[in-house]
Amino acid sequence: PFSADYASPELLVAAKRLADHYQTGLTLHQSNDPPSVQASLERYGKRPIEHLEDLGVLGPNVLLAHVIGLDDREIDAMARTQTKAVMAPTAALKMGRGTTSRGRLPEMLQKGICISLGTDAGNNSNLIETQRSMYLAAVLYKDARQSTKVVPAETALELATINGAKALGLDQEIGSIEVGKKADLVLFDTKRPEWRSLFNPVNTLVYNADGRSVHTVIVDGKIVVEAYKPCYADEEELIQKVQAIGEHLLARTGVHFPLRWPVV
């Protein structure tokens, strides 16, 4: 199911049963925005996460996406059942979900909940870059809680790496640089301006750097990006192809986007 908001209790229970039987994961979108919370209260007499716990749908193999507007009881339910979460701050901010006013990421971390970071989709996030998600996770809650000690850079990096692997049930294979795990590595050019002055590499990575300084990417021992260029495709050709496809799709929809200013 895409979301508990659009699935019957029977479907949710059946999906969890299948995930348990085949020892795989179950992902549900659970934004917990005010309308979905109100609908759950009217329909079941409980908030969404409490309803999922009553159904037996929560658990270590369940990943809830977004989970912005949780209350204390819902956080306790996730912690109690070892249910995992993935947050996409770039999408939440652009869609106006109230992540700074209603988000509970620091409190969830304090309860030991495994939280990971995502970027959602291009249509509601636009920037599919994990480093931006790390940056936002590290700074948004400092402002919201008015404390520079909330979500330090090291924690933000863990959310993007090892916690992401745990969220997918793959932390024995990926997520950290260890003997026996897959060689998934990103090499940064630390001679670029955004890396200077360089004293604390983790702080600089989270607060300063972005994708422009990615020099090499290795996935399971295979180099897929080298010297800033992808090895698996002609980048210029791909860019032109995506532009053409986008223009074609937009023309088919008949949707027009009037601009406030002339573009030359």
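From the Cα gyration tensor of region 1-64, with a ≥ b ≥ c the square roots of its eigenvalues, which class applies: rounded if a/c is under 1.5, or else prolate if a/b is larger than b/c, or else oblate?
On the way: a/c = 2.18, a/b = 1.88, b/c = 1.16.
The shape class here is prolate.
List the pairs from Lys94/Lys142; Lys182/Lys229; Lys46/Lys111; Lys46/Lys181 whose alpha-carbon separation is above 30 Å, in the order I gave them.
Lys46/Lys181
With just the Cα atoms defining each centre, how far is region 16-32 from region 116-167? Give it in Å.
When both Cα centres are located, 23 Å separates them.
Are there any helices in the chain, counted as whole DSSP H runs, that stretch 24 Å or more along their axis by Cα and score at least -0.5 on average by Kyte-Doolittle, and if so which?
Span-like helices here: 235-253.
Tell me the mean residue ellipticity at 222 nm calculated for the chain from its helices only (DSSP H runs of n ≥ 4, each -39500 (n - 2.57), averaged over every residue, nearest 500).
It lands at -12500 deg cm²/dmol.
Once fully extended, how much extra length lies between Tyr228 and Arg43, figured as 0.36 nm per residue of separation less the alpha-carbon to alpha-carbon distance?
61.4 nm
Find which of Ala244, Trp261, Tyr232 sits farthest along the positive direction of the dipole of region 183-264, computed with +1 on the beta-carbon of Lys and Arg, -1 on that of Asp and Glu, about the Cα centre.
Value: Trp261.
Rank Asn208, Leu63, Ala4 by how far each Cα sits towards the positive end of the charge dipole of the chain (+1 on Lys, Arg Cβ; -1 on Asp, Glu Cβ) and give me just the farthest.
The residue sitting farthest along the positive end of the dipole is Asn208.
Rounding to the nearest 20 debye, state how big the charge dipole of region 204-264 is about its Cα centre with +1 on each Lys and Arg Cβ and -1 on each Asp and Glu Cβ.
For this selection, approximately 280 debye.
P(r) for the chain, please, calculated from all Cα pair distances in 5 Å bins and given in %.
1, 5, 10, 14, 16, 15, 13, 11, 9, 4, 1, 0
Here, each number is a calculation from the coordinates, and none is a lab measurement. Keep in mind that this is a model prediction, so the values were computed, not measured. Cβ atoms come from the backbone with ideal geometry, glycine included; neighbour counts cover every protein chain shown.
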